[in-house]
Amino acid sequence: MTALAENLERLEERIGQACREARRGRGEVELMAVSKTYPAATLLEAAGLGLSLFGESRVQEFGAKSLNAAALRSACGKEDLRVHLIGHLQTNKAARAAELFDAVDSVDSLRLAEKLNEAAGKLGKRLPVLIEVKLSTEDTKAGLEPDSVEASELLERLPGMEHLEARGLMTIAPWGVAEDVTRACFRSLREWRDRWAEAHPGLRFDVLSMGMSGDFALAIDEGATRIRVGTALFGKRQPWTGPE
């Protein structure tokens, strides 16, 4: 058994335990393998172990792996495999992101949504997106302030963007804080989801993407439908040293 296979086995045990403690079924929580900084060969190995959802943080890094999502599906023979962009996206890279990825989980401005809608239209595709919500005071965290004017404008405008498919929300909890602070962050995202789903019935909010290697159990307990795990699966990663 390879190191990756062993890590996945241990991770599945932990996810299963978290689901049982939250009285939720394992099928209610989707595992996204965060494959940033790892080569295409690692993605192919992970796909061979049954993983089908991957998260990448940088447009240029994923492009440098000489694969787009469609090529990766072809290489591993998994038609259900998907690769999402989960990192901050600059508007000048929106066209390339729409070309490379199956979805963008980090929409954090109205302008970015407009650029992605335009790019997806030119490609003749409908691009699933998540709205990234900033629920931390950290300056390094991206996302829309949930009570901001721009968040309201984005929610009002999204139904008219025919080449985007709004699917839900994403957030990143603050680093190095007490467990109750992390839990409050996840609970807040769920509460905003419920509020916005009622106010905007034309949008879908079925995805709550929250929780990573160190805090996914709390996220599952607070209603996460997707967790993003990298280190616990692939091991300690090397930082990206390329451009962007």
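Summary table below
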{"quantity": "Leading residue by the ranking (farthest from residue 159 (Cα to Cα)) among those in region 98-111 that are free of Cβ contacts under 8 Å to residues at least 60 places away in the same chain, outside any helix (DSSP H, G or I) and of a type outside the set (Asp, Glu)", "calculated": "101"}
{"quantity": "Residue list for region 60-76, restricted to those being assigned to a loop (DSSP other than H, G, I, E, B) and not small (Gly, Ala, Ser)", "calculated": "65, 67, 68"}
{"quantity": "Pair list, Cβ < 9 Å and 6+ apart or interchain, from region 1-26 residues that are modelled with pLDDT under 95 to residues that are loosely packed, with under 15 Cβ neighbours inside 10 Å and in a helix (DSSP H, G or I)", "calculated": "1/9"}
{"quantity": "Check on residue 95, without any contact (Cβ under 8 Å) to a residue 60 or more places away in the chain, more than 22 Å from residue 193 (Cβ to Cβ) and either out of contact with any Cys (no Cβ under 7 Å at 6 or more places or on another chain) or not hydrophobic (A, V, I, L, M, F, W, C) (or both)", "calculated": "yes"}
{"quantity": "When residues of region 167-180 are limited to those that are surrounded by 21 or more Cβ atoms within 10 Å (Cβ to Cβ) and in a loop (DSSP other than H, G, I, E, B), the one farthest from the chain's Cα centre (by Cα)", "calculated": "173"}
{"quantity": "Breaking point among (1) within 17 Å of residue 226 (Cβ to Cβ); (2) not in a loop (DSSP other than H, G, I, E, B), for residue 5", "calculated": "(1)"}
{"quantity": "So residue 94, is it under 28 Å from residue 133 (Cα atoms) and of a type outside the set (Asp, Glu)", "calculated": "yes"}
{"quantity": "Scope region 81-92; condition in contact (Cβ under 8 Å) with a residue 40 or more places away in the chain and surrounded by fewer than 23 Cβ atoms within 10 Å (Cβ to Cβ); matching residues", "calculated": "87, 88"}
{"quantity": "Residue in region 19-39 that is farthest from residue 218 (Cα to Cα), counting only those that are among the small types (Gly, Ala, Ser) and buried (at least 17 other Cβ atoms within 10 Å of the Cβ)", "calculated": "35"}
{"quantity": "Scan of region 130-157 for residues that are farther than 18 Å from residue 194 by Cα, part of a helix (DSSP H, G or I) and free of Cβ contacts under 8 Å to residues at least 40 places away in the same chain, ordered by number", "calculated": "149"}
{"quantity": "Residue in region 77-93 that is nearest to residue 228 (Cα to Cα), counting only those that are of a type outside the set (Lys, Arg), part of a loop (DSSP other than H, G, I, E, B) and over 17 Å from the mean Cα position of the chain (by Cα)", "calculated": "79"}
{"quantity": "Which numbered condition residue 36 fails, given (1) touching an Asp or Glu at 6+ places or on another chain (Cβ under 8 Å); (2) farther than 18 Å from residue 8 by Cα; (3) charged (D, E, K, R); (4) modelled with pLDDT under 90", "calculated": "(2)"}
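Results for (1) free of Cβ contacts under 8 Å to residues at least 60 places away in the same chain; (2) surrounded by fewer than 17 Cβ atoms within 10 Å (Cβ to Cβ); (3) more than 20 Å from residue 33 (Cα to Cα), shown as yes or no for each residue.
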residue	(1), (2), (3)
159	yes, yes, yes
162	yes, yes, yes
165	yes, yes, yes
182	yes, no, yes
189	yes, no, yes
220	no, no, no
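The values are calculated or read from the model by the stated rules, or taken from the named source; none is laboratory data. Quick caveat, the model's predicted, so the values are computed rather than measured. Quick reminder, even Gly has a Cβ in these numbers, built from the backbone with ideal geometry, and neighbours come from all protein chains shown.
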